[in-house]
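Before any comments, here is the structure.
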Amino acid sequence: MIGRRVTHRMADGVRVPGTWRHAFIRNGDYFLTDLFIYADGLVDCWGLVTLDEFEQKLRSGWVATELPEGARASGHDLAGWTFHEPRTWLTPEVMLAEVRDTIDQLNGRPDSTDRCLAAVDAFLADRTEERRAEVRAAYHAIPRTQRIYALGDMDHRDEPLKVLVAGPGGHTEEWPDDPVTQEEYDEAIAFLEDRARWIAERPSRVPADGPATPHAPAVHVPHVYPLKPSEARTKLSLRTDFPAPVDIDGVTYPSAAHAYWALSTADPAVRTAITNADTAAAAARLAAEAPQHDGWEHARAAVMHRLLRAKYAQHPDLADFLLSTADATLVYADADSAFWGDDAGRGRNWVGRLLELIRSELHAQRAGLG
């Protein structure tokens, strides 16, 4: 039920995670609104209530699950209409069960579907009628609206569970006149066995083109000043202002940062001054006082990529160190720019991302792939 609908509220300075779903509130007429559910068990249905109070709101019809023919309804500032042949799949019991499940999910606890699947696993390990009865009880505890998603397979829906619950000779709700055959039961068991085996093997599977997340611990590249050439082959060498000369178009700059700031302006005199600046910080100050190239903000990432590529092409020892970071996420600190730096998770970390790209390019070159 949570899906991607993520919200929160603040309580005593603490962030309480939550989610929401659509619902009708009956206050005279019917109003389409959002029902907010929070991890601490409170529900906002035009006012925060406890779960017990929410159940009372359901039973009283304040949170409506019955939509009578001819009733007037509206969505605030959206539209108004009258119900004609309305259909709803909800009952107070089903909605309450969905909300309980959602609170479990928000807290990382097993919900009714998880408990049912755990009962299935227990049955597969010990195939007794007692275990199958536990599966039946757990399956019926899943809100009716959510059972179809229990196996996570919309092709099979929850048919294997229904067949397991009914057993050979039993009846499913969809086919009350047709008893489950032994063949159908065996097929359902085989499906559930295959599913359990696939889940057990899933942690060891690696996508065909490699893992989605890095194996190596993240590397934090701190903002340190001043930098000295003797600090080569440390993570400080990953900084753009590290004093590693870079030759661009026949001009040698003291660092990639010097080159970046020089290229940001079209004024030849300022470019020369930036190139000769004692530090990258001084180069940045000079660039800040000069007119930028038109469209610089749109081109700057490509320029930085070119400069960093040149830096590591021209300094093999620094390239070796960059490669030594394996597949680590490179978190670049920049006190002056949330574009280039990570900014405690709030920035865009473009230098870190470009360094990871160049590292991949270096791996490709050494493997003869690029």
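Some observations on this one:
- Overall form of region 111-150 per C-alpha gyration tensor (a/c, 1.5; a/b vs b/c): prolate
- Here nothing in the chain passes the span test, since no DSSP H helix has an alpha carbon length of 27 Å or more along the helix axis and a Kyte-Doolittle mean of -0.5 or above.
- Theoretical gain in end-to-end length, A208 to E174 [0.36 nm per residue, Cα-Cα removed]: 8.2 nm
- In the chain, the DSSP-assigned H stretches of four residues or longer account for a calculated mean residue ellipticity at 222 nm of -12500 deg cm²/dmol, using -39500 (n - 2.57) per stretch and the full residue count as denominator.
- Rg/Rg_globular for the chain, with Rg_globular taken as 2.2 N^0.38 Å and Rg from C-alpha atoms: 1.48
- Treating r as the C-beta distance of A367 and D317 and R0 as 22 Å, the FRET efficiency rounds to 0.65.
- Region 262-370: GluC sites (Glu not before Pro) in DSSP coil with no more than 15 other Cβ atoms inside 10 Å: E289
- Extension gain, H220 back to A137 (0.36 nm per residue minus Cα-Cα distance, nm): 24.8 nm
- Cα gyration tensor, region 112-203 - rounded (a/c under 1.5), prolate or oblate: rounded
- Size of electric dipole in region 112-203: Cβ of Lys, Arg +1 and of Asp, Glu -1, about Cα centre, debye, nearest 20: 460
- Computed from the Cβ-Cβ distance with R0 of 51 Å, the FRET efficiency linking H293 to A79 stands at 0.55.
- Inter-centroid distance (Cα atoms) of region 325-352 relative to region 251-269, Å: 22
- Neighbour count of at most 16 Cβ within 10 Å plus DSSP loop: longest chymotrypsin sites (Phe, Trp or Tyr not before Pro)-free window in the chain: 90-338
- Set of lysines near K235 by C-alpha distance (under 19 Å), chain-local residues within fewer than 8 positions excluded: K311
- Listed residues L263, L96, L164, most fluctuating in the chain (Gaussian network, C-alpha, under 10 Å): L263
- For T213, T240, T7, T329, order by how many other beta-carbon atoms lie within 10 Å, fewest first: T213, T7, T329, T240
- Legend: ranking of residues V224, V14, V120 from fewest to most surrounding C-beta atoms inside 10 Å; resulting order V14, V224, V120.
- Per-pair calculated FRET efficiency, R0 = 35 Å: T234 and I199 via Cβ, rounded to 0.05: 0.20
- Gyration tensor verdict on region 219-366 (Cα atoms; rounded if a/c is under 1.5, prolate if a/b is larger than b/c, oblate otherwise): prolate
Every number in this text was worked out from the coordinates using simple rules, so none of it is lab data. What you see is a predicted model, and the numbers here were worked out from it, not measured in a lab. So basically every Cβ, Gly included, is an ideal-geometry build from the backbone, and we count neighbours across all protein chains shown.
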